[in-house]
Amino acid sequence: MKVVVTLPPDYPRNDPNYPSKERLEMAYTALLPAMIRILTQKQKGKKQANSA
């Protein structure tokens, strides 16, 4: 699974204070499994609370 980032036209592409498109894609790709895990755990928690 890989995240593809589309930057807005006014994004400061060569500004060292902003991450590059490649760095953003790497970071989001690395974080995606953790985000999915957290969201699925929250959904399971909601289902258990609703059934109680």
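Restricting attention to segment 13-39, which residues are of a type in the set (Phe, Trp, Tyr) and over 9 Å from the mean Cα position of the chain (by Cα)?
Just the residues of segment 13-39 that are of a type in the set (Phe, Trp, Tyr), to begin with: 18, 28.
Listed by number, the list holds a single entry, Tyr18.
Between a residue in segment 19-34 that is within 13 Å of Leu7 (Cβ to Cβ) and any residue that is surrounded by 14 or more Cβ atoms within 10 Å (Cβ to Cβ), which pairs come within a Cβ distance under 7 Å, given they are 6 or more apart or on different chains?
Sorted first by the residue in segment 19-34, then by its partner, the pairs are Lys21/Val5; Leu24/Val5; Glu25/Val5; Tyr28/Val5.
Criterion first (in contact (Cβ under 8 Å) with a residue 12 or more places away in the chain and surrounded by 11 or more Cβ atoms within 10 Å (Cβ to Cβ)) does Lys2 satisfy it? First the steps, then the outcome.
On the way: in contact (Cβ under 8 Å) with a residue 12 or more places away in the chain: yes; surrounded by 11 or more Cβ atoms within 10 Å (Cβ to Cβ): no.
It is false that Lys2 is in contact (Cβ under 8 Å) with a residue 12 or more places away in the chain and surrounded by 11 or more Cβ atoms within 10 Å (Cβ to Cβ).
Does any residue of segment 6-13 turn out to be modelled with pLDDT of 95 or more, charged (D, E, K, R) and part of a loop (DSSP other than H, G, I, E, B)?
So far as segment 6-13 goes, yes, one or more of its residues are modelled with pLDDT of 95 or more, charged (D, E, K, R) and part of a loop (DSSP other than H, G, I, E, B).
Looking at segment 14-52 only, could you name the residues that are among the small types (Gly, Ala, Ser) and either surrounded by 10 or more Cβ atoms within 10 Å (Cβ to Cβ) or assigned to a helix (DSSP H, G or I) (or both)? Working first, answer last.
First, pick out the residues of segment 14-52 that are among the small types (Gly, Ala, Ser): 20, 27, 30, 34, 45, 49, 51-52.
Hits for segment 14-52 are Ser20, Ala27, Ala30, Ala34, Gly45, Ala49, Ser51.
The values are calculated or read from the model by the stated rules, or taken from the named source; none is laboratory data. Worth saying up front: this structure is predicted, and the values here are computed from it rather than measured. No Cβ is skipped: glycine too gets one built from the backbone with ideal geometry, and neighbour counts run over all protein chains shown.
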